[in-house]
Amino acid sequence: MSQRSVLALMYTLDLLEQRGIQCAPVLARHGLDAARLDPNGEIERDRELRLLAELLPLAEDPQLGMEMGKRFGLAGYGPLTMLLMTSATAFDGFQLGVRYQSLTYLYGELSLVPGSDTTALILKPIPLPEPVRRILIERDMVGTFKLVNDIQTQLGLNLTPREVWLPLPEPEHGELYEQFFRAPVKYDMPWCQATIRNRDLALPLPGYNRTAHELYRSQCDALLARRQTPSEQLADRVSAYLDLFLEDFPGAAEVAITFDLPERTLRRRLSAEGRPFQQLLDDVRLNKALNYLADSKRSVEDIARLLGYSEPAAFIRAFQRWTGETPAKHRKKAVNSE
């Protein structure tokens with residue numbers, strides 16, 4: 001079960017909806033609703049790919065991949081962005097990008113191949129459904145460079161590549177690539193690649209901070225371990241699914257449909273794993289509540305609404321049942337311990 005941030009999917013849904021494409025029917029077939037998605041949630045990579053395979057062809061836009069990639073902002077990469085920006089050199093940052101590539105949105109494998117004068121950043125796409133192959137390869141390459149460009153803009157660097165490869169036929173809008181990458185682009189190549197001068201990669205980064213760097217590395221390690229830990233248990237898959245939602249959480253019947261199981265079978269299997277459905281839902285709500293309470297800007301009333309409670313009192317009672325204390329008391333203790 002490989003998990004990734006749901007933000008990339010949300011960016012895509014926003015883009016498609018802006019173009020008048022009705023995404024709701026496709027999402028509903030997969031048990032999702034755009035209005036109920038939690039930006040902090042995670043989605044299985046295979047589930048996301050199935051959604052994209054249905055949604056993206058609806059746009060009928062040869063430039064869709066480029067537009068999708070341009071929507072990937074620094075904030076969407078979480079602690080990985082800060083880890084890269086606090087690296088000692090650009091080369092160190094690229095090495096970390098390769099190490100923690102599972103924290104990105106890529107449908108491929110990154111590698112870094114140093115040479116005498118230049119270094120090749122290589123992205124080898126995984127096998128992708130033909131109707132969306134080009135779109136996702138373009139998205140991933142543009143999105144990767146959007147990340148690099150945003151970081152170098154923040155830090156005042158110049159990492160313009162000498163050359164870019166794409167494993168695609170040259171499109172009619174090829175000039176847009178050269179404008180974006182600011183480098184010559186070669187098509188019909190075996191994989192995606194950007195060649196960067198070693199002297200540029202060796203420059204020290206002005207944002208280097210060893211203490212902060214180690215903090216962000218530990219956060220990335222924890223996130224990587226959680227996302228890559230394989231699990232065959234139905235309870236883990238259901239929990240990950242429930243974690244995608246805000247405000248209006250699906251009930252057991254809706255979850256059963258999503259997992260193609262009768263509701264009785266779903267409940268029986270979850271109970272056999274020692275994690276009944278209500279316990280899973282409570283655990284998801286509790287984890288979200290703890291995260292929200294750490295944000296002092298959110299009121300208890302607002303948190304109750306985000307967790308699907310019609311009245312704050314119901315949330316307060318539930319939180320007391322889970323933790324033995326009120327949300328206000330928990331928040332006060334957390335503040336005093338800082």
At most 12 other Cβ within 10 Å, DSSP loop - GluC sites (Glu not before Pro), the range 53-99: E60
Per residue accessible area in Å² of the chain, where ligands, DNA and RNA are left out and the probe is 1.4 Å: 49 Å²
Cα-based radius of gyration of the range 147-280 once divided by 2.2 N^0.38 Å, which approximates compact folds: 1.68
Residue-span extension gain [A253 to M189] - 0.36 nm each, minus C-alpha spacing: 18.2 nm
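Based on Cα coordinates alone, diagonalise the gyration tensor for the range 282-325, multiply each eigenvalue by 5, take square roots, and list the semi-axes in whole Å, largest first.
Details: eigenvalues 38, 30, 18 Å².
Semi-axes from the Cα gyration tensor: 14, 12, 10 Å.
Could I get the Rg over Rh figure for the range 81-127? Both from C-alpha atoms, Rh via Kirkwood, rounded to two places.
When Rh is taken as the Kirkwood radius, the ratio is 0.99.
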Directionally averaged shadow of the range 1-76, computed from the convex hull of its alpha-carbon atoms, nm²: 5.0 nm²
Under-5 Å amide H pairs with T118, H placed in peptide plane, nonlocal only: N198
Inter-site label distance for H173 and Q63 at 7 Å from Cα along Cβ, in nm: 0.4 nm
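Starting from the Kirkwood Rh over alpha-carbon pairs, what translational D in µm² s⁻¹ does the chain have by Stokes-Einstein at 37 °C and 0.692 mPa s? Mind showing how you got there, number by number?
Numbers: Rh = 22.0 Å.
Estimated via Stokes-Einstein, D reaches 149 µm²/s.
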Relative counts (whole %) of C-alpha pair distances in the range 1-136, using bins that are 5 Å wide: 2, 9, 17, 21, 20, 14, 9, 5, 2, 1, 0
P(r) tail fraction, the range 243-292 - alpha-carbon pairs more than 13 Å apart, %: 60 percent
Global size of the range 59-217 as Cα Rg and Dmax, reported in angstrom: 15.3, 48
28 Å Cα cut-off, lysine pairs counted over the chain (separation 8 or more, or different chains): 13
Cα point-scatterer Debye curve for the range 67-147, base-10 log of I(q)/I(0) at q = 0.14 Å⁻¹: -0.49
The range 251-338 - convex hull of the alpha-carbon atoms, volume per residue in Å³: 111 Å³
Förster radius 41 Å - calculated FRET efficiency between A222 and R264 (Cβ-Cβ, nearest 0.05): 0.65
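Please give the length that would be gained between N158 and K332 if that part of the chain were fully extended, namely 0.36 nm times their separation in residues minus their C-alpha to C-alpha distance (nm, one decimal). Present the calculation step by step, with values, prior to reporting the outcome.
Working: separation 174, 0.36 × 174 = 62.64 nm, distance 4.59 nm.
The N158-K332 span can extend by a further 58.0 nm.
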Shape parameters for the range 135-203, alpha-carbon atoms, Rg then Dmax in Å: 12.2, 36
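The values are calculated or read from the model by the stated rules, or taken from the named source; none is laboratory data. Everything numeric here is computed off the predicted structure, so don't read it as measured data. Glycine also receives a Cβ, built like all others from the backbone with ideal geometry; neighbour counts cover every protein chain displayed. In case anyone asks, the SASA skips ligands and DNA or RNA and just uses the protein heavy atoms, side chains included. Shrake-Rupley method; radii C 1.70, N 1.55, O 1.52, S 1.80 Å.
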